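> Before I ask anything, let me first share the structure, which is written out below as structure tokens.
The values are calculated or read from the model by the stated rules, or taken from the named source; none is laboratory data. Just so it is clear, the model here is predicted, and its values are computed rather than measured. Here the Cβ is made from the backbone with ideal geometry for all residues, glycine too, and neighbour counts use every protein chain on show.
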Amino acid sequence: MKTSNKLLAALAIMIFIAMTSFTILLKAEYKKAAAKSDISKKEIKLKAFENLEVSAENGVEISIEEGTNYSIKNAPNAKVIGSTLKIDSLTDMYGKVIITMPKLPNITLKGNEIAVNIKGNANKFANNTLQVNSTATGDLNLSNCDLTNLNITSENAVIENKWMDSWQRYYHFHLIDSKVASTDITLKGKASLSLKNTSIISPTFNLSDSASISIEGNAMNPFVKK
């Protein structure tokens, strides 16, 4: 009977040690995951760059903000190569990426569901010319901005996901409460441009296929070349 009690006691001790070890290991993994999460949200300083290139197959949201320094949040593996900041959500599953920089970059978009937001006081950027080249699907939202030049080229995106709805198969450009001195905009496929309370002094638009422009509010009626 004593031997049986000893065995039970030994077994209980072994179970306690195993459970304690598992709890410690679980806490360590949790802390490691939390630390990784904190790092991903940390603001990282970058060297100067002129171009922003975004590639995504599963969607990513980019917010561009005016600031004196170059920095990025929530994209620790983004790299500046030469004069280009490259963000690839195939390798980095980002949610919302916030980029702070003193001037607007030239933007190149490739892939699916890439949202770019430039909001408020964009005229504070050192330059006020925006160049966008897109073969992606998604939305670019430009609001409360004062631009000298807006140049956009948007072509058909290569979409392999056949289940996606048709509205997801092309790119939408939205200009809201903004002023633009001149534009040179080429839209192909089903790309679309929406102007809401936006004035354009010297507009140039080139549309083909099923590309479209919609105007709402006090926007200037554009001259459309086809």
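> Report yes if LEU142 is assigned to a strand (DSSP E or B), touching a helix residue (DSSP H, G or I) at 6+ places or on another chain (Cβ under 8 Å) and either assigned by TED's automatic domain parsing to the domain that holds ASN58 or modelled with pLDDT of 85 or more (or both), otherwise no. First the steps, then the outcome.
On the way: assigned to a strand (DSSP E or B): yes; touching a helix residue (DSSP H, G or I) at 6+ places or on another chain (Cβ under 8 Å): yes; either assigned by TED's automatic domain parsing to the domain that holds ASN58 or modelled with pLDDT of 85 or more (or both): yes.
It is true that LEU142 is assigned to a strand (DSSP E or B), touching a helix residue (DSSP H, G or I) at 6+ places or on another chain (Cβ under 8 Å) and either assigned by TED's automatic domain parsing to the domain that holds ASN58 or modelled with pLDDT of 85 or more (or both).
> Something else now. Out of the residues in region 116-134 that are modelled with pLDDT of 80 or more and buried (at least 19 other Cβ atoms within 10 Å of the Cβ), state the one that is nearest to ALA191 (Cα to Cα).
Within region 116-134, the first condition is being modelled with pLDDT of 80 or more, and the residues that meet it are 116-118, 129-134.
After this cut, where a residue has to be buried (at least 19 other Cβ atoms within 10 Å of the Cβ) as well, the list is 116, 118, 130, 132, 134.
Numbers: VAL116: 15, ILE118: 19, LEU130: 18, VAL132: 13, SER134: 10 Å.
Across region 116-134, the extreme among qualifying residues is SER134.
> Hey, another quick one. Would you point out which residue out of THR108, THR137 is under 15 Å from the mean Cα position of the chain (by Cα), at pLDDT below 85, under 22 Å from HIS172 (Cβ atoms) and surrounded by 17 or more Cβ atoms within 10 Å (Cβ to Cβ)?
THR137
> Then there is this: Taking the options LYS42, LYS47, name whichever one is out of contact with any Lys or Arg (no Cβ under 6 Å at 6 or more places or on another chain), surrounded by fewer than 10 Cβ atoms within 10 Å (Cβ to Cβ) and either outside the structural domain of ASN127 (by TED's automatic domain parsing) or at pLDDT 70 or above (or both).
Details: LYS42 fails: surrounded by fewer than 10 Cβ atoms within 10 Å (Cβ to Cβ).
From the options LYS42, LYS47, the qualifying one is LYS47.
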